[in-house]
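Trainee: Please read through the structure below; I'll follow up with questions.
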């Protein structure tokens with residue numbers, strides 16, 4: 001085998017292994033959403049919906065908001081951000097040994113080194129205040145119109 005073949009094989013292997021974090025962690029992450037009480041509606045700024053408890057699948061690169069609501073309770077909005085994960089950083093660093101600049105570029109472009117936080121999203125919904133019915137009042141009576149003096153009583157005839 002010639003030097004050219006080995007160089008090509010080595011380059012091919014490096015390209016296949018490029019983006020260690022991309023290969024080991026994938027491009028998507030799963031975000032768990034839980035609420036107390038369960039059965040709340042979840043809506044994300046990415047147009048995803050589900051009912052708690054549920055799991056959302058999102059791109060590791062996405063940052064988004066989650067609105068959790070249920071009738072009779074105050075809605076809660078949670079901002080979900082991303083940061084470099086410990087595992088992602090290790091995969092990214094592994095590129096120096098195996099994937100080189102190409103692997104580092106792939107991981108950075110795909111967001112494979114990132115993780116979402118908070119994950120899981122746990123919220124306790126606060127009940128809306130109950131409105132007590134107003135105390136019962138007697139209906140207001142309309143003022144009476146003055147009346148004419150009563151007519152004299154008729155005397156009995158004999």
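Trainee: Restricting attention to region 56-79, and to residues there that are over 10 Å from the mean Cα position of the chain (by Cα) and under 16 Å from residue 116 (Cβ atoms), which single residue is surrounded by the fewest Cβ atoms within 10 Å (Cβ to Cβ)?
Mentor: For region 56-79, the residue satisfying everything is 57.
Trainee: Can you name the residue in region 1-59 that is outside any helix (DSSP H, G or I), out of contact with any strand residue (DSSP E or B) (no Cβ under 9 Å at 6 or more places or on another chain) and at pLDDT 55 or above and, of all such residues, is farthest from residue 76 (Cα to Cα)? Before you say what the answer is, go through the steps one by one.
Mentor: Start the filter on region 1-59 by keeping residues that are outside any helix (DSSP H, G or I), which leaves 1-2, 18-19, 26-59.
Narrowing the set further to residues that are out of contact with any strand residue (DSSP E or B) (no Cβ under 9 Å at 6 or more places or on another chain) leaves 1-2, 18-19, 26, 47.
Of the ones still in play, those that are also at pLDDT 55 or above are 2, 26, 47.
Details: 2: 64, 26: 30, 47: 17 Å.
Step by step, filter region 1-59, then rank; the result is 2.
The values are calculated or read from the model by the stated rules, or taken from the named source; none is laboratory data. This one's a predicted model, so the numbers in the text were calculated from it and none came from an experiment. A quick note on method: Cβ atoms are made from the backbone with ideal geometry, for glycine too, and the neighbour counts reach across all protein chains shown.
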